[in-house]
Amino acid sequence: MSELTGLNLSEVSDGFEPIPAGTYDVNVFECEPKTSQNGNEMLAFVVTVDDPDAPEYRGRKLFFNLMLLSQSLWVLKGFLVAVDFDKKTIEDPKFTLRTEDLVGKKVRVNVGLRIYDPGDGSEPEERNEVKTNKFWPPKSADPLASGKKGKSALL
């Protein structure tokens, strides 16, 4: 058995503090198809914050799912357009989405806060929640944000 001595854990937090609510540029770190607890197909995302206006949160991971139900595919379509997939290509009935093609893509997301109750008698805690009803191209794709003339990618 190994022993670790001299560890000072007195100033180590008990977990991540959530980042403030707002919009952030993020990179897709991971995307994989999964099945929800209700038996519905979905894409499970892990994204990392990479926002020039919030360098203190760079690398922080956020998690969200996009359901693949017929009534919610508009959300996936909006996400794909925001990460710069060609709209005509994704509207082609022969289009095939490879989840590995999403890894490394950058997108702007709306992050909120919610109260999470673990249900085990411990204190509820505040957690981040990616709002999945709207996605935007990242700020770096906005010609007005970079000082270039032209039409804003967010309009």
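Can you pull out the residues in the stretch 99-117 that are assigned to a helix (DSSP H, G or I) and of a type outside the set (Asp, Glu)? Of everything in the stretch 99-117, just one residue is assigned to a helix (DSSP H, G or I) and of a type outside the set (Asp, Glu), namely THR99.
Summed over the stretch 68-98, the residues that are in a loop (DSSP other than H, G, I, E, B), of a type outside the set (Ser, Thr, Tyr) and either surrounded by 10 or more Cβ atoms within 10 Å (Cβ to Cβ) or over 19 Å from the mean Cα position of the chain (by Cα) (or both) give a count of 11.
Got at least one residue in the stretch 54-65 being in contact with a helix residue (DSSP H, G or I) (Cβ under 6 Å, 6 or more places away or on another chain), surrounded by 11 or more Cβ atoms within 10 Å (Cβ to Cβ) and of a type outside the set (Asp, Glu)? Looking for residues that are in contact with a helix residue (DSSP H, G or I) (Cβ under 6 Å, 6 or more places away or on another chain), surrounded by 11 or more Cβ atoms within 10 Å (Cβ to Cβ) and of a type outside the set (Asp, Glu), one finds none in the stretch 54-65, hence no. Of note, SER152 satisfies the criterion of being surrounded by 11 or more Cβ atoms within 10 Å (Cβ to Cβ), modelled with pLDDT under 90, over 24 Å from VAL46 (Cβ atoms) and polar (S, T, N, Q). Scan the stretch 24-45 and tell me whether some residue there is surrounded by 17 or more Cβ atoms within 10 Å (Cβ to Cβ) and hydroxyl-bearing (Ser, Thr, Tyr). Yes: one or more hits. Pairing residues of the stretch 102-115 that are free of Cβ contacts under 8 Å to residues at least 24 places away in the same chain and more than 12 Å from VAL49 (Cα to Cα) with residues that are among the small types (Gly, Ala, Ser) and part of a loop (DSSP other than H, G, I, E, B), at Cβ distances under 8 Å and at least 6 apart in sequence or on separate chains, gives no pairs at all.
Take the conditions (1) touching a residue at least 60 places away in the same chain (Cβ under 8 Å); (2) charged (D, E, K, R); (3) in a strand (DSSP E or B); LYS34 misses just one of them, which is (1).
The number of residues in the stretch 37-61 that are among the polar types (S, T, N, Q), touching a strand residue (DSSP E or B) at 6+ places or on another chain (Cβ under 8 Å) and part of a loop (DSSP other than H, G, I, E, B) comes to 1. Just one of the listed residues (ASN133, ASN65) is in a strand (DSSP E or B), at negative phi, modelled with pLDDT of 95 or more and not hydrophobic (A, V, I, L, M, F, W, C), namely ASN65. ASP84 fulfils the conditions (1) touching a strand residue (DSSP E or B) at 6+ places or on another chain (Cβ under 7 Å); (2) under 21 Å from GLU100 (Cβ atoms); (3) of a type in the set (Asp, Glu) except for a single criterion, (1).
The values are calculated or read from the model by the stated rules, or taken from the named source; none is laboratory data. Treat the numbers as computed from the prediction; the structure is a model and nothing was measured. For neighbour counting, all protein chains shown are included, and Cβ atoms are generated from backbone atoms with ideal geometry for every residue, glycine included.
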